[in-house]
Amino acid sequence: MVTTTSTERALPELDPYQEGCPSRRVLDRIGDRWTVLIVGTLSTGPHRFSEIRRSVQGISQKMLTQTLRGLERDGLVTRTVYAEVPPRVEYELTEGGRSLCAPLKALEDWSIAHFGELATSWDTYDSIAR
């Protein structure tokens, strides 16, 4: 079976449960912890690199750079360079990136709401002698 997009380009039927399905790349991107946190940060509007790094504590400069480049390649983030001295660079979510905010916010909210249950489960599991 073939699916078509608005540009009428034929795409294979996508099923992320099948090994080798290209849609897994999408899940890898949006399921990455750094992506979740960066999209959450950018959901409030454009940010400079240093602002994102301060907001997403624990991310290395290298990982932030790689993740932003990946998000830009995926069309979820735009990078704008302003001709100023010193140069100013801002990152902003595209329409596609903004469409991720609600589902990722739901995951964030779920993780906060259920943290206590999970922490209890972790302690119980870890206390069992193996």
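All of the numbers you see were taken from the coordinates with simple rules; none came from a lab. A quick note: this is a predicted structure, and the numbers were derived from the prediction, not measured. Note that we place each Cβ from the backbone using ideal geometry, even for glycine, and neighbour counts take in every protein chain shown.
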re the chain: pairs of Cα atoms spaced beyond 20 Å account for a percent value of 59 percent
Computed about the Cα centre, the charge dipole of the chain from +1 Lys/Arg and -1 Asp/Glu charges at the Cβ has a magnitude in debye, to the nearest 20, of 520 debye
Projected onto the charge dipole of the chain (unit charges on the beta-carbon of Lys, Arg, Asp and Glu, signs +1, +1, -1, -1), the Cα from Thr44, Thr94, Ile59 with the largest positive-side position is that of Ile59
Quick calc: nm separation of the 7 Å Cα→Cβ label points for Ala102 and Thr120 -> 3.2 nm
Taking the chain and counting helices only, DSSP H stretches of n ≥ 4 at -39,500 (n - 2.57) each over all residues, the nearest-500 ellipticity at 222 nm comes to -16000 deg cm²/dmol
Taking the alpha-carbon centre of each part, the distance from segment 9-52 to segment 58-103 in Å is 12 Å
Percent of all alpha-carbon pairs of segment 46-94 at distances over 18 Å, whole number, is 28 percent
